[in-house]
Amino acid sequence: MTVVQPSQRMREIGVVQYGAPVLAEPARPFDLPAEREDAEHAVEMLFASMERIGQVHPFAKGMGLAAPQIGTGRAAATVQPPGRDTPTIVLLNPRITARSEEADEQYEGCLSFFDVRGMVPRPLTITVETTALDGTKVTTVYERGLARLIHHEIDHLDGLLYTARMRPGVEPIPVEEYRQTGRTWAYEQ
């Protein structure tokens, strides 16, 4: 019996993996409303990818996906908060405008290198400005687990992986070791 690594499973369903240049480059913002069709297309691609991902891995505590992770270097991301009836959050040109000084450190995983998990400090509250399809700016405050999910995806749009946020000297651990900790986070159940 062949064991398929989690990262290989993600690669097979179209998630760009660690080492791809698109993951290390800042995503290009949309000029909205002029590029409305491009933004809508990017969001449709993200939703389709999230559907495929959800079919191979359950995410009881939420899931996020940024356009660079599906090979599109544009500033779009989607976040599915926990709960079946919770609407998916669409982020176009997101920018964190404020963060709380109060933070916590939790394990995070990433669909682009799903074989490991890492302890990442993040603020407990963030304020995010996004652009609506009609070009208006929208400001939203996110807290705790949802703030962590949103911040993680915005990092992707800035060309950063969660490892860039880990404390010096702290390394990711194999997913098998992580599962033994009994701690779960947004990308893993």
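The values are calculated or read from the model by the stated rules, or taken from the named source; none is laboratory data. Predicted model, so just to flag it, every value in this text is computed and none were measured. Because the Cβ atoms are built from the backbone with ideal geometry, glycine has one as well, and the counts that use them run over all protein chains shown. Surface accessibility is based on the protein's heavy atoms, side chains included, excluding ligands, DNA and RNA. Shrake-Rupley method; radii C 1.70, N 1.55, O 1.52, S 1.80 Å.
The simple spin-label model puts a point 7 Å past each Cα toward its Cβ; for residue 102 and residue 170 those points are separated by 1.9 nm. Axis angle, to the nearest 10 degrees, between helix 144-157 and the longest C-alpha principal axis of the chain: 70 degrees. About its Cα centre, segment 92-131 has a charge dipole of approximately 160 debye under the convention of +1 per Lys or Arg Cβ and -1 per Asp or Glu Cβ, with nothing else charged.
Largest accessible area first, the residues 45, 10 order themselves as 45, 10 under a 1.4 Å probe with ligands, DNA and RNA left out. Would you mind classifying segment 17-72 by shape? Square roots of the alpha carbon gyration tensor eigenvalues, ordered a ≥ b ≥ c; an a/c under 1.5 is rounded, otherwise it is prolate if a/b is larger than b/c and oblate if not. Judged from the Cα gyration tensor, segment 17-72 comes out oblate (a/c at least 1.5, b/c at or above a/b). Cα centroids of segment 97-143 and segment 1-70: 17 Å apart.
Computed about the Cα centre, the dipole magnitude for segment 53-132 is approximately 260 debye when only Lys and Arg (+1) and Asp and Glu (-1) carry charge, each at its Cβ. Note on the chain: dipole from Cβ charges, positive end direction compared against 55, 27, 68; the farthest Cα belongs to 55.
Note on the chain: helix-only mean residue ellipticity at 222 nm, from DSSP H runs of 4+ residues weighted -39500 (n - 2.57) and normalised by residue number, equals -7500 deg cm²/dmol.
Estimated at the nearest 10 Å², the accessible area of residue 88 is 40 Å² with a 1.4 Å probe.
Overall shape: oblate for segment 44-104, with the ratio a/c of the largest to smallest alpha carbon gyration tensor axis at 1.5 or above and b/c at least equal to a/b.
Exposed loop sites were defined as GluC sites (Glu not before Pro) in DSSP loop states (anything but H, G, I, E or B) carrying at most 15 other C-beta atoms within 10 Å; in the chain the longest segment without such a site runs 1-100. Largest first, the residues 137, 61 sort by 1.4 Å accessible area into 137, 61.
Compared with the dominant principal axis of the Cα atoms in the chain, helix 36-56 is inclined by about 20°.
Within the chain, what whole-number % of the accessible surface is contributed by carbon and sulfur, with the 1.4 Å probe and all protein chains included in the calculation? About 51 percent, which is the carbon plus sulfur part of the accessible surface.
Largest to smallest in accessible area, the residues 155, 115, 85, 134 fall in the order 85, 134, 115, 155 (1.4 Å probe, all protein chains included).
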